[in-house]
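K.L.:
Just passing along the structure, written as structure tokens.
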Amino acid sequence: MSSLPLRRVALRAIAVLSLVAASPLLAHDFWLEPSSYRPDSGQRVTVRARVGMSFVGDPVPRDEDLLVRFVAVTSEGELPVPGVHGRDPAGIAWARGTGSVQIAYESRPSLAELTPDKLQIYVEQEGLASQLSASAQHALAGRVVHDRFARSVKTMLVIKGGAGQGFDRILGLPLELVPLVDPTTLATGGALPVRLLYQGKPLAGVQVSALSRLDPLHPVLARSDASGLATLVLPRGGEWLLKAVRVTPAPAASGADLDSLWTSLTFRTDDGP
């Protein structure tokens, strides 16, 4: 009987890998994976950047040409996250101080092409109809679309031996998900309210998705209200990826059709595997 849960996890992993292999151009999620979500005080933590979908991704080497900001924010302040250009892991941080350690990564824009089919899937998966008007969607339909995208992501660690004070720090990322309760202590089935901020102000009408490492094909979805608040009920513990994207038509002279700004937050609950 004990082998059944393992079989289910293995089948989910096979399904996710098959989906990724079948749709490589949809691999748009970007997140940070620390070597430990519960480091000892002073411990060295490697930070890997990942790109993929459904919480399965390929490593992204450090690219100094794209980096705007890569920092660790602790109770003692903000420190840069160093690394070697072209190498994975993308950075190395140290668990300083007490409470939570938040590691933030901000990139410059890159350009991608979306075929009509991929654009339609993108709009559906990320719930973009609320951000793009019917006329904007009509103007983009039936042709290759150039998407200028940037990343604005973070991960949350908690130093062993204490509570996660500082979990609600606002790090000043262009697009940022800020938890309003400590997500690392959330009980199974608990509600996690988060606030979505764009340039420090609440952003309404954007889909926020939460993906469990154990069941990434069934995300929990919510939409931010006028105060930027979205509440997600997480059905299990473990490692989670929260994500959202802000999309707008690009300026006419930019050489792009869309401007996309992606944010994500990774963490692990105390009762997780």
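K.L.:
For region 172-192, how many residues are among the hydrophobic types (A, V, I, L, M, F, W, C) and crowded, with 22+ Cβ neighbours inside 10 Å?
P.N.:
Result for region 172-192: 5.
K.L.:
Can you name the residue in region 111-140 that is in a loop (DSSP other than H, G, I, E, B) and of a type in the set (S, T, N, Q) and is also surrounded by the most Cβ atoms within 10 Å (Cβ to Cβ) among such residues?
P.N.:
Q131
K.L.:
Also, quick follow-up: Give me the residue from region 129-185 that is within 12 Å of I103 (Cα to Cα) and of a type in the set (D, E, K, R) and, out of that set, farthest from the chain's Cα centre (by Cα).
P.N.:
Of everything passing the filter in region 129-185, R169 is farthest from the chain's Cα centre (by Cα).
K.L.:
Determine which member of the set R108, R195 is touching a residue at least 24 places away in the same chain (Cβ under 8 Å), surrounded by fewer than 16 Cβ atoms within 10 Å (Cβ to Cβ) and within 18 Å of the chain's Cα centre (by Cα).
P.N.:
Checking each option against the conditions leaves just R108.
K.L.:
Please pick out the residue among L177, L140, L232, L203 that is in contact with a helix residue (DSSP H, G or I) (Cβ under 7 Å, 6 or more places away or on another chain) and not small (G, A, S).
P.N.:
The unique qualifying residue is L140.
K.L.:
Now a separate question. Could we say that T155 is touching a Gly at 6+ places or on another chain (Cβ under 6 Å) and either in a strand (DSSP E or B) or modelled with pLDDT under 95 (or both) here?
P.N.:
Spelling it out, it is not the case that T155 is touching a Gly at 6+ places or on another chain (Cβ under 6 Å) and either in a strand (DSSP E or B) or modelled with pLDDT under 95 (or both).
K.L.:
Please determine, by comparing only the residues of region 16-48 that are aliphatic (A, V, I, L, M) and in contact with a Pro (Cβ under 7 Å, 6 or more places away or on another chain), which one is modelled with the lowest pLDDT.
P.N.:
Here the residue is V16.
K.L.:
Something else now. Can you tell me which of (1) under 20 Å from A252 (Cβ atoms); (2) in contact with a strand residue (DSSP E or B) (Cβ under 9 Å, 6 or more places away or on another chain); (3) touching a residue at least 12 places away in the same chain (Cβ under 8 Å); (4) not basic (K, R) is the one P179 doesn't meet?
P.N.:
Here P179 meets the rest and fails (1).
K.L.:
Quick check on my filter: what residues within region 66-87 are in a loop (DSSP other than H, G, I, E, B), modelled with pLDDT of 95 or more and either more than 19 Å from the chain's Cα centre (by Cα) or within 26 Å of D147 (Cα to Cα) (or both)?
P.N.:
L66, P82, G83, V84, H85, G86, R87
K.L.:
Out of (1) over 23 Å from G255 (Cβ atoms); (2) surrounded by 15 or more Cβ atoms within 10 Å (Cβ to Cβ); (3) without any contact (Cβ under 8 Å) to a residue 24 or more places away in the chain, what's the single condition that is false for I92?
P.N.:
(3)
K.L.:
How about region 50-65: which of its residues are among the hydrophobic types (A, V, I, L, M, F, W, C) and either in a loop (DSSP other than H, G, I, E, B) or free of Cβ contacts under 8 Å to residues at least 60 places away in the same chain (or both)?
P.N.:
Result: V51, M53, F55, V60.
K.L.:
Kindly check whether there is at least one residue in region 241-250 that is closer than 30 Å to G161 by Cα, in contact with a helix residue (DSSP H, G or I) (Cβ under 7 Å, 6 or more places away or on another chain) and surrounded by 15 or more Cβ atoms within 10 Å (Cβ to Cβ).
P.N.:
No; the residues of region 241-250 include none that is closer than 30 Å to G161 by Cα, in contact with a helix residue (DSSP H, G or I) (Cβ under 7 Å, 6 or more places away or on another chain) and surrounded by 15 or more Cβ atoms within 10 Å (Cβ to Cβ).
The values are calculated or read from the model by the stated rules, or taken from the named source; none is laboratory data. Bear in mind the structure is a predicted one, so any value in this text is a computation, not a measurement. Note: ideal-geometry Cβ built from the backbone for every residue, glycine included; neighbour counts use all protein chains shown.
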